[in-house]
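The values are calculated or read from the model by the stated rules, or taken from the named source; none is laboratory data. Note that the coordinates shown come from a computational prediction; the quantities given were computed from them, not determined experimentally. Note that each Cβ is placed from the backbone with ideal geometry, even for glycine, and that neighbours are counted across all protein chains shown. Heavy atoms of the whole protein, side chains included, go into the accessibility calculation; ligands, DNA and RNA do not. Shrake-Rupley method; radii C 1.70, N 1.55, O 1.52, S 1.80 Å.
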Amino acid sequence: MSAPPRVLTVAGSDSGGGAGIQADLKTMLALGVHGMSVLTAVTAQNSLGVQGAWELPVEAVRAQYRSVVDDIGVQAVKTGMLSSAELVGTVADLLAGTDAPTVVDPVGVSKHGDALLAASALDSVRTKLLPVATVVTPNLDEVAQLTGVRVASEPDMRRAAAAVLEFGPRWVVIKGGHLAGGASQEAVDLLTNGTEEHWLRAPRHDNRHTHGTGCTLASAIASYLARGHTVPEAVNAAKAYVTGALASGFSLGGGIGPVDHGWALRRGEA
C-alpha cells in the first residue's frame, strides 16, 4: 500500500485539543493525508482562554523541520502560531528551501482574544513569511494587524486582499466570518491572486462553539493541495469541510467549544 500525501504543520500546541497542532492533525486525518508536526510553542489552553504560552528554542524548531522534511518529505506545509520575530524568520527561511505549497495562517490572537504573536514580529511576518506563502488566510482582525485596513463590508474585503497581496503571497483568502450580521447571513470569504477572484459563500450557523476554525481551514487547504487540487479547488473544498465542522461544533468545558473535525469521517464525506 502506498503512503498517503504528507502534510506538515508548523504551529503551537493547544492543550485543550481544539486548535493548533491538535486541530491540524485531526483535520489532516479526516481528509486522508498523513499529518506531521513541528511544534513551535506550548500553551496552557482550554475552552475559557490561554493561561500561559512557552515558545520553543529556534534550534528545536529547525531540528524538527529538517528531521521530517529531509527524510519523509512533504507535499504541503501549513504554518500557524509563530510567536516571535526570530521564529518567523527561521520558519520563513526553511519554507523558502522547501519545494511544496505553503499555507500561512498568520495567527495573531486566540479565539478568546489572547495575544499569540509579539508586536515586534509583525514586520517579520510581512517581509519574510508572506512572500513565501502560496496561500495566506487572515481573518479580519489579522488583516487589520498586518495592513491597517479595517473591513466592515464585502467591498472592503477587496481592498484588504490587495493590501495583503502587496507583501508577496501568491493567493490570499480574506475570511469574512467576523463581518457584522445576523445568524441568517451568509459567511463569505474572498479568494484572489489579484487577477482571479472567487467569492465563497456558505450558510452561517448559529453555533458559538467555533474554537479552531482558522487552524482547521488552513490545514484543510494544505491537505487538499497535497492531494493535487488547484488553489481554488482546495479552498472551495476546505470551505465546505469547515462549514460542516462549524455546524457540528460542540460544547466542551465552561467556554467556547471546538469545531467537530470528525464530522466528515462519520458521514463518509471527506
### Query
Summing +1 for each Lys or Arg and -1 for each Asp or Glu, what net charge is found among the other residues whose Cβ lies under 14 Å from the Cβ of Asp99?
0
### Query
In deg cm²/dmol, rounded to 500, what helix-only [θ] at 222 nm does the chain give when every DSSP H run of at least 4 residues adds -39500 (n - 2.57) and the total is split over its residues?
-10500 deg cm²/dmol
### Query
Let a ≥ b ≥ c be the square roots of the eigenvalues of the Cα gyration tensor of segment 135-270; is it rounded (a/c under 1.5), or, if not, prolate (a/b larger than b/c) or oblate?
oblate
### Task
Tally the DSSP beta bridges in the chain and give the antiparallel ones as a percent, rounded to 5.
45
### Most to least packed among 210-223, 253-266, 58-71 [average Cβ atoms within 10 Å]
210-223, 253-266, 58-71
### Query
Along the principal axes of its C-alpha atoms, what lengths does the chain span, in descending order and rounded to whole Å?
47, 40, 39
### Query
For the chain, list the DSSP H helices whose alpha carbon atoms reach 27 Å or more along the long axis and whose average Kyte-Doolittle value is 0.0 or above?
none
### Query
Along the charge dipole of the chain, which of Leu200, Val77, Leu190 sits closest to the positive end, that is, farthest toward it, with unit charges on the beta carbon of Lys, Arg, Asp and Glu (+1, +1, -1, -1)?
Leu200
### Task
Taking amide H positions as placed in the peptide plane 1.01 Å from N, state which residues far from Ser37 in sequence (5 or more) or on other chains have amide H under 5 Å from it.
Thr9
### Task
Determine the sum of side-chain charges near Val68: Lys and Arg each +1, Asp and Glu each -1, restricted to other residues whose C-beta is under 15 angstrom from that of Val68.
0
### Message
Kirkwood Rh and Cα-based Rg: tell me the resulting Rg over Rh for segment 156-226, rounded to two decimals.
### Response
0.98
### Query
Taking 0.36 nm per intervening residue step and subtracting the Cα-Cα distance, what contour gain separates Trp199 from Glu154 on full extension?
15.2 nm
### Query
Which of the aspartates and glutamates could a cross-linker span from Lys239 if the Cα-Cα distance has to be under 20 Å and same-chain partners fewer than 8 positions apart are dropped?
Asp24, Asp105, Asp141, Glu142, Glu154, Glu186, Asp189, Glu196, Glu197, Asp206, Asp260, Glu269
### Message
If I take every Cα pair under 8 Å that is 6 or more residues apart in the chain, average their sequence separation and divide by the length, what percent do I get for the relative contact order?
### Response
19
### Task
For the chain, give the magnitude of the charge dipole about the Cα centre (Cβ charges: +1 Lys/Arg, -1 Asp/Glu; no others), in debye to the nearest 20.
420
#### Entry: Largest-first ellipsoid semi-axes for segment 15-149, taking √(5λ) over the Cα gyration tensor eigenvalues, angstrom
21, 19, 15
### Message
I want to make sure I understand the PRE zone here: with the label point 7 angstrom from the Cα of Ala247 toward its beta carbon, which residues in segment 19-33 have backbone N atoms less than 20 Å away?
### Response
27-28, 30-32
## Note on the structure
Two pseudo-spin positions, 7 Å from Cα along C-beta at Ala96 and at Ser2, lie apart in nanometres by 3.3
### Message
Counting only protein heavy atoms and a 1.4 Å probe, tell me what percentage of the chain's accessible area is made up of carbon and sulfur.
### Response
52
### Query
Taking the simple approach of a point 7 Å from Cα along Cα-to-Cβ for both Ala162 and Ala63, what is their distance in nm?
4.8
### Message
Taking θ = phi - 60°, what integer Hz values does the Karplus form 6.51 cos²θ - 1.76 cosθ + 1.60 yield along segment 191-205, in sequence order, with x for Gly and Pro?
### Response
10, 7, 10, x, 10, 7, 9, 10, 9, 10, 10, 8, x, 8, 8
### Task
Relative to the compact-globule scaling 2.2 N^0.38 Å, provide the ratio for the alpha-carbon radius of gyration of segment 1-76.
1.18
## Note on the structure
segment 116-270 accessible area per residue, 1.4 Å probe, protein heavy atoms, integer Å², reads 42
